[in-house]
1. Out of all the residues in the stretch 299-312, which are touching a helix residue (DSSP H, G or I) at 6+ places or on another chain (Cβ under 8 Å), of a type in the set (A, V, I, L, M) and at pLDDT 90 or above?
2. Step by step: first the residues of the stretch 335-386, then only those that are touching a strand residue (DSSP E or B) at 6+ places or on another chain (Cβ under 6 Å) and among the β-branched types (Val, Ile, Thr), then the one that is nearest to Ala256 (Cα to Cα). Which residue is that?
3. Is at least one residue of the stretch 182-189 modelled with pLDDT under 90 and out of contact with any Leu (no Cβ under 7 Å at 6 or more places or on another chain)?
4. State all residues of the stretch 195-219 that are hydrophobic (A, V, I, L, M, F, W, C) and either on the phi > 0 side of the Ramachandran plot or in a loop (DSSP other than H, G, I, E, B) (or both); if no residue qualifies, say none.
5. For the stretch 125-175, which positions are assigned to a loop (DSSP other than H, G, I, E, B) and either more than 30 Å from Asp355 (Cα to Cα) or hydrophobic (A, V, I, L, M, F, W, C) (or both)?
6. Of all residues in the stretch 157-205, count the ones that are under 21 Å from Ile224 (Cα atoms) and among the β-branched types (Val, Ile, Thr).
7. I'm told Ser38 meets every condition in (1) of a type outside the set (Lys, Arg); (2) within 22 Å of Lys6 (Cα to Cα); (3) touching a residue at least 12 places away in the same chain (Cβ under 8 Å) except one. Can you identify the failing condition by its number?
8. Which of the residues spanning the stretch 356-373 are assigned to a strand (DSSP E or B) and surrounded by 20 or more Cβ atoms within 10 Å (Cβ to Cβ)?
Amino acid sequence: MNYFEKRKIRKQLKAVLHHARTLRCSREDIMSADDLESLDEHVARAREAYAAREGEAMEDAGSALETCITRINPPKPYAGWRENFDVLVVAISVAMAFRAYFYQPFKIPTGSMQPTLYGIHSEARPPSAATVLDRQPLKFVKWLVTGTSFKTVRAKTSGTVNFMPSDSSKKPGYTPVVVAGVPHYVPNDAVETDAYRRPVRLAGGVANGASVKVGEVLWSGVVISGDFVFVNRWKWNFSHPTRGEIMVFSTTGIQALMQGTHYIKRMTGLPNETLQIKAPNLLINGEVVVQPPRMGQIARREAVWPGQPAYAGFNPSGTRQVYFPGQSLATEQDSVTLKADEYYAMGDNSFNSFDSRYWGPVPERNLLGPATVVYWPFTSPRFGWIR
């Protein structure tokens, strides 16, 4: 027996001795005297062989000790499954606690925070543009790495095309296109609108009110998943929210919003402040806001990502869909004074953001935490810390 074989046997014997010690400590009080005596004898013999370093003696002593352990404490059926189940339960409990009290994942569904954060968006392309990477199983791999997938929406029935409001959609980030009562879902930005923001047609697809036949392509193109971010659940327990942070908050109790969901916007107004918009600037207590730096970039209409559009500045909402006069910023003459427990939420994409300019302030009790990092897609230029 060579050196490496002896070394392996000695290592195995050490593990069996450790198992025997654990068994004795955990079951000594319920073991019979005969079993306890037998275990001690086998342990003593195994220790002698371990000290002597004789290969065959260590192998025999280890085998005898293992047989003794199995006789005293026979393995239970499905023991491996039980251990794996215990590990799984602990892992799930830790993950849920981490999500509830520390960092919660959140998906950006819409484009209201562009170009800081992107929701679901698309690029119209003909069905012929699909490649081998857009077929399973490579399609899933491509989506997992890049967050992009090719989608072709075909009519499930024949009838007239009718666009529904995006805020009535069961799928955030998608607009329902109804054909003969059957909904089909396309990304919000795939819907082209007129000057009054009424849907006109699908980009590269059919027009609103058109007649289609079953199987006809309504829209096709590349769908890019929205950014996935972590929300810091503990930070605001130890410090006050600050202007410029990207806030995630519950919509529960805020009129005009879908209840029981979460929105993500930039925190522009703090308690007891008076806000007014003189496009492209935001005024707080009569002073133009230029800090923190990102809010200054928004006001100056700067671009922050290569190849991406620039900010549109701060703009009034206009009188369309203003729900609470006196709490909204519909025109440049309007101003809002926040209470001691209120915050103002605005999307960075001011021309396409349904925010406090329409429906008023966010109560402090609704705040969840600030978004801190984009963790997926990995190829996104926004991957990393959020500003």
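1. Matches in the stretch 299-312: Ala312 only.
2. Val362
3. Among the residues of the stretch 182-189, at least one is modelled with pLDDT under 90 and out of contact with any Leu (no Cβ under 7 Å at 6 or more places or on another chain), which makes the answer yes.
4. Matches in the stretch 195-219: Ala195, Ala203, Val206, Ala210, Val214.
5. Arg125, Pro126, Ala130, Thr131, Arg135, Gln136, Pro137, Ala155, Lys156, Thr157, Ser158, Met164
6. 5
7. The number of the failed condition is (2).
8. Val362, Gly369, Pro370, Ala371
The values are calculated or read from the model by the stated rules, or taken from the named source; none is laboratory data. Everything quoted here is computed from the prediction, not taken from an experiment. For neighbour counting, all protein chains shown are included, and Cβ atoms are generated from backbone atoms with ideal geometry for every residue, glycine included.
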